[in-house]
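The values are calculated or read from the model by the stated rules, or taken from the named source; none is laboratory data. Predicted model, so just to flag it, every value in this text is computed and none were measured. Glycine also receives a Cβ, built like all others from the backbone with ideal geometry; neighbour counts cover every protein chain displayed. To get the accessible areas, we keep the full protein, side chains included, count just its heavy atoms, and leave off ligands, DNA and RNA. Shrake-Rupley method; radii C 1.70, N 1.55, O 1.52, S 1.80 Å.
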Amino acid sequence: MTAGGALAALIRSSADRRAGGPEERCDLCAAPLAGDHRHLYETGRETALCACPGCSVLFAGNGTGDGPYRLIPQRRVKLPPVETGPLGVPVGLAFFVPRSDGTVVAHYPSPAGATRWEVDASAWREAVSPCPDLAG
């Protein structure tokens, strides 16, 4: 497990915004951002980036999921309860990122800060089997 990553970036940006931090800017082109903006997942560093409308549209089409950036979906899906213990996630709040090699990484908060954990492949298959929306 490692501290940092996408969840930490989102928490930091949210905390800065509430604390009256500096104006947010696009992490790709440095354009000023509106309060409601899109985010990209940088696969190499496994972190979330803020994106302006112009930059986010570059990653919105089909075939862009295997590059260095993925547009983080805005949709929200209410899932049935999922047992997170077998996935190696000791808390109920987490997001899962499938990698191009088939592995899945969980990001979740912990007392030591944001944590990243590679999910056991068989445990992931068992969790997704009764809840296919989890894989999305």
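Backbone phi angles across the stretch 126-136, fed through the Karplus curve with coefficients 6.51, -1.76 and 1.60 (θ = phi - 60°), yield HN-Hα couplings of 5, 6, 6, 3, x, 9, x, 4, 4, 5, x Hz in residue order; Gly and Pro are listed as x.
Annotation: per residue accessible area for the stretch 64-136 equals 64 Å², rounded to a whole number [probe 1.4 Å, protein chains only]. Note on residue 79 and residue 99: the extension gain reaches 5.1 nm, defined as 0.36 nm multiplied by sequence separation minus the Cα-Cα distance.
Amide H to amide H distances under 5 Å link residue 69 with 43, where only residues 5 or more positions off or on other chains count and H is placed in the peptide plane.
The simple spin-label model puts a point 7 Å past each Cα toward its Cβ; for residue 91 and residue 34 those points are separated by 3.0 nm.
Our coupling estimate for the stretch 86-96, obtained by passing each phi through the Karplus curve with A = 6.51, B = -1.76, C = 1.60 and θ = phi - 60°, is x, 7, x, 10, x, 10, x, 10, 7, 10, 10 Hz, Gly and Pro reported as x. Of all accessible surface on the stretch 70-136 at a 1.4 Å probe, what whole percent is carbon and sulfur? After summing per-atom areas, the C and S share lands at 57 percent.
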